[in-house]
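The values are calculated or read from the model by the stated rules, or taken from the named source; none is laboratory data. Keep in mind it's a predicted model, so treat the numbers as computed, not measured. Please note: Cβ atoms are built from the backbone with ideal geometry, for glycine as well, and neighbour counts cover all protein chains shown. Accessible surface areas use protein heavy atoms only, side chains included; no ligands, DNA or RNA. Shrake-Rupley method; radii C 1.70, N 1.55, O 1.52, S 1.80 Å.
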Amino acid sequence: MYPDLLDPAHIPLSLYIHMPWCVKKCPYCDFNSHALPSQAPFESYIEALLSDAVSQQSLVSNRQIDTVFIGGGTPSLLPIESFARLFDGLRLIYNFSPDCEVTLEANPGTLEHSPFDEYLNIGINRLSIGVQSFDRNALTALGRIHNPDQASNAIRAARIAGFDRVNADLMYGLPNQNSSKAVNDIQTAIDAGATHLSWYQLTIEPNTTFYRTPPQLPDEEIMAHIETLGRDVLTKHGFYNYEVSAWHGPNDAPCRHNLNYWQFGDYLAIGAGAHGKLTLKNHPNYQDGIYRYQKSRLPKDYLSFEDAPKMINFERIADENLPFEFMMNALRLKDGVSTDMFETRTGLLISTIDNEMLPLQHQGLMVLDPLRIAPTRLGFRYVNYLVSQFI
């Protein structure tokens, strides 16, 4: 590493906030989510989040936070008063940019009476609604608590309230799904007013109900047909596939928070099980470099610390692992990143990865451009293979 290349002040900084509770655990979900207890400790959790935020102040000095993402779990279970208290506290701890993008994940089954205008008033300006499907049978198979009408109505209500940016999470390759049902999900989301889509394939992850009892999923031929038709519909409506599973509409833009992840930017993390990444330089307690860390996973453990909630595995990424860490993110972007970004985000010269880049360029999988790191159209279909070449 060449520390002179690293300057945290010029690296975008985000904040991730994790809300760990759901009404119930879905059979496909491997996220850090837990069934909401009868006596939800919302106020205690807000106190813990603010304490957590204070404990990380010294790691970022006066750096400005450009984006916030509130994920889960189901963050929309939290009362609006708790959100207001949280943001009032965070603004006293951190420096937020004037145009900070603040995204809230929400599930339709918890949004029927949500105060969308009050979300806007406290600074939340982007919603990501966990629809997954508009097909009633698919929703039942996925263990979702909402119905198709609630999903459509949630998107419409958010737009009417004044949200200009509304993402809909959709999955395809669902149990007993055919191409017609998959395409209908996309069309319904667009018709309801979604300005951005996260459209991704259902995968069976370990430690889930679906892993223990696998459902019957579409075969490869149906899957290929779904992907082709889905891309055609999205393109027809002016949506652009800027990341493997992310599409923004003609009147929206990429999710800046997720873009910061993929461009190997920095992000603070507060909340049970939250993961963070920070670039440190001239810090009195740490060697110059890039660090990853996480928080205590179980809510009860996270809440048990009276002062700062426990930070675990605060570890510097070894220099030899930085190319893989960078490419694992950047190669998910259709248009890639600049070579300058590689150097200023890793502290490594671009020549460090010549041995990996050149064969991929000659195979037609990465673009031949000395100023840009990007997959070709063919390479974009084989991102996992590209990333594996940098391990």
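Here are some notes:
- Answer residue from the stretch 369-386, given it is surrounded by fewer than 17 Cβ atoms within 10 Å (Cβ to Cβ) and hydrophobic (A, V, I, L, M, F, W, C) and is nearest to VAL337 (Cα to Cα) among those: LEU371
- Cβ pairs under 8 Å, 6+ apart, first in the stretch 310-322 and in contact (Cβ under 8 Å) with a residue 12 or more places away in the chain, second of a type in the set (A, V, I, L, M, F, W, C) and open to solvent by 40 Å² or more (accessible area, probe 1.4 Å): ASP319/MET1; LEU322/MET1
- Looking across the stretch 98-109 at every residue that is open to solvent by 20 Å² or more (accessible area, probe 1.4 Å) and closer than 21 Å to THR195 by Cβ, the one that is modelled with the lowest pLDDT is identified as ASN107.
- For the stretch 253-297, a tally of residues being in a strand (DSSP E or B) and either of a type in the set (S, T, N, Q) or at pLDDT 95 or above (or both) returns 17.
- Here the condition is being of a type in the set (D, E, K, R) and modelled with pLDDT under 95; of ASP7, ASP66, it holds for ASP7 alone.
- All of (1) over 24 Å from the mean Cα position of the chain (by Cα); (2) in the same structural domain as TYR16 (by the TED database); (3) assigned to a loop (DSSP other than H, G, I, E, B); (4) surrounded by fewer than 16 Cβ atoms within 10 Å (Cβ to Cβ) hold for PRO218 with one exception: (4).
- Here ASN258 meets each of (1) surrounded by 18 or more Cβ atoms within 10 Å (Cβ to Cβ); (2) more than 19 Å from VAL337 (Cα to Cα) with one exception, condition (2).
- The residues of the stretch 309-332 that are of a type in the set (Asp, Glu) and under 18 Å from LYS295 (Cβ atoms) amount to a single one, GLU315.
- Subset of the stretch 346-356 (residues that are part of a helix (DSSP H, G or I) and open to solvent by 20 Å² or more (accessible area, probe 1.4 Å)): ILE350, SER351, THR352, ASP354, ASN355, GLU356
- Some residue of the stretch 87-97 being of a type in the set (Lys, Arg), open to solvent by 50 Å² or more (accessible area, probe 1.4 Å) and under 23 Å from ARG63 (Cβ atoms): yes
- Selected residue [assigned by the TED database to the domain that holds PRO254, within 30 Å of ASN321 (Cβ to Cβ) and either of a type in the set (D, E, K, R) or not in a loop (DSSP other than H, G, I, E, B) (or both)] from ASP66, ASP99: ASP66
- Single residue of ALA168, ALA161, ALA138, ALA182 found to be within 24 Å of GLY73 (Cβ to Cβ), within 23 Å of the chain's Cα centre (by Cα), in the same structural domain as ILE226 (by the TED database) and not aromatic (Phe, Trp, Tyr): ALA168
- The set of residues in the stretch 280-321 that are among the acidic types (Asp, Glu) and surrounded by fewer than 16 Cβ atoms within 10 Å (Cβ to Cβ) comprises ASP301, GLU306, ASP307, GLU315, ASP319, GLU320.
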